[in-house]
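Read the structure below first, then the notes.
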Amino acid sequence: MGVDGSKLSFRQKQEQTEVLMQQNAEIAKRLSQEYAAHKKKPGTMINQIGKNIFEHMKFKNNDSANRNQIKLIEVEGVTYEIIDFISQGGFGEVYRARTRNKNRVVAIKIMKNMPDIREEIQNEINFLRLIKKVPIENHPIINYYGSQFTKENIHIAMELASCDLVAFWSAHMTHLDPENRFLLGITVIVYVLRALTFLEQLNIIHGDIKPQNFVIVSHNDSFYVKLIDFGTVEKMDTSRAQITVDATKAHTIFFASPEFLRRDSNHVIARHLHKKSDAWAAGVMFYILFFERLPWTDQFDYENFCNDPSAKDIFVPRKGGYKLIIELLLKKNPDERASAKATLKQMIAHPALCDIIKSLNDSLCLVDDTCRMKVPNDVRKELAGSRRSCKFGADCNRDDTNHHEEFAHIGDADYHESRSASNSQFDKPACRYGSDCFRKDADHLNKYAHPANSTPHTMSANSHGQSTKPHCRYGVACYNQAVDHRLRFAHPTGSTDPHCKKVACQFGSRCNKTGDPAHMTKFQH
């Protein structure tokens, strides 16, 4: 994905990341202002990029006649005519095909029907069939059309993709100017997060998230980012955060999470997958987008990072407001790591990205629909075997049938009490984004606590001097100055409340105290 393999000193790397972060922050701010002022029509740049890309995205025949003599293939009663060869993978070959007497072009995957891969293939087919029942437009998962098992081969008909994300990135990102490269990179990231959020909503771990398992699907003058390869998906029990998997499970270095690569005290790798393991890969992709290199020098450096208890988490410069969005995806401890859904919502709420993302909603497809999607009960039961526990616990006041069919409550046999459920605002877990949180939605605000030290202008107090209002999750980074919001939520000193604005630091970008919390709380940078 355009990674610079040259070895840099620590200081050089730090200087490079600061320059690139500043450059991308300025681009994002400029684009946001242009969209907000209607100086640019939303989606124009993306649509133009899509046109330029797919004018050149034509499949080549690659001498298909010599590779396979099969001209017609029948899959679940539908006859397909092989057009040409596309690619060859570890398990088989992929061909471009057309439904006979119709104009639909699909991809046909042909694999040998061997016992050692049959179970994995059947798992993938079962998963693809099941998720078709989830009603969502512009599905983030590659469309499945059918499969056929013969004595010799397994045939799977799927949606035709133009290329994978690696080919897309290397062929087109390097030819764009910085502004378009940033815009296209953000587009890819948000739709990667959209797909991962879809899996999170189903309590599914993909387990091998990497750029090669995302494909670009052409759609008129634009494109969609879709996820593929579900032979090794893992179903998560909603009451557990981590599972142990087979040591031979497929993975890709750098995109495989630290908990998956960590060795035990006997130096034996015990493969663990956490419910946020997939989000790690998104963090690596995000880092590469912003800094044009990996956070580690090589594979040896990365494996040391995974197995060294004293290794520090990845550092990201504060400029631009993306620091915690990227850093929290790359938390070595998965319990401290942000989920794809939480990251996506932070990006949507980010003041420099919100207008860009609104334009994507209009020009491509909705970005956050997977955050709100309704999973049919039969799909939920087949995947998890039971209902999810209601996160509001004893505080839930919903009595509608649909809610109780989907969620278990106190007294139900399948109810598991959430660690974050509490009757007290002060017992809520702290939002991991802290003062850099951009979220304003009630669901998030009711679930997590934010930085304290609120001023009298932004809080009411009880007889003991404690705030009786829940703390705003965005803390000092809250951009909502609406009166009803300020009356409802307490905000820390230095927030964007008109009554408590921070003083500009006289050193500006040259300030060397950006790591000092007391200084950052008092001064604006």
For ALA449, what residues show an amide H to amide H distance below 5 Å, using hydrogens built from the backbone and excluding near sequence neighbours? ALA430, CYS431
Additional length obtainable on full extension of the chain from GLN22 to CYS511, 0.36 nm per residue less Cα span: 174.6 nm
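Sort 146-158, 359-371 for me by packing, meaning the mean count of neighbouring Cβ atoms within 10 Å per residue, highest on top. Numbers along the way, then the final one.
Numbers: 146-158: 16.5, 359-371: 18.9.
Averaged packing, sorted descending, gives the order 359-371, 146-158.
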Which residues does a label at SER310 reach in segment 254-293, if reach means a backbone N under 20 Å from a point 7 Å past the Cα toward the Cβ? 262-267
Label GLU34 and LEU176 with points 7 Å out from Cα along Cα→Cβ: what is the distance between them in nm? 1.3 nm
Within 12 Å, Cβ to Cβ, of LYS109, how many net charges do the neighbouring residues add up to if Lys/Arg are +1 and Asp/Glu are -1? -2
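Provide the net charge surrounding ILE136, with neighbours chosen by a C-beta distance below 11 Å and charges set as Lys +1, Arg +1, Asp -1, Glu -1. Don't skip to the answer; put the middle values down first.
Details: positive: LYS132, LYS133, ARG194, ARG372, LYS374; negative: GLU137, ASP369.
Charge balance near ILE136 sits at +3.
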For the pair CYS396 and LYS112, what calculated FRET efficiency results from E = 1/(1 + (r/R0)^6), where r is the Cβ-Cβ distance and R0 = 60 Å, to the nearest 0.05? 0.70
Apply 1/(1 + (r/R0)^6) to the Cβ-Cβ distance of VAL166 and ASP264, taking R0 = 30 Å, and write down the FRET efficiency to the nearest 0.05. 0.40
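The numbers here are math on the coordinates, done by the rules we state, and not lab data. This is a predicted model, so every value here is computed, not measured. All Cβ positions, even for glycine, are placed from backbone atoms using ideal geometry, and neighbour counts span all protein chains on display.
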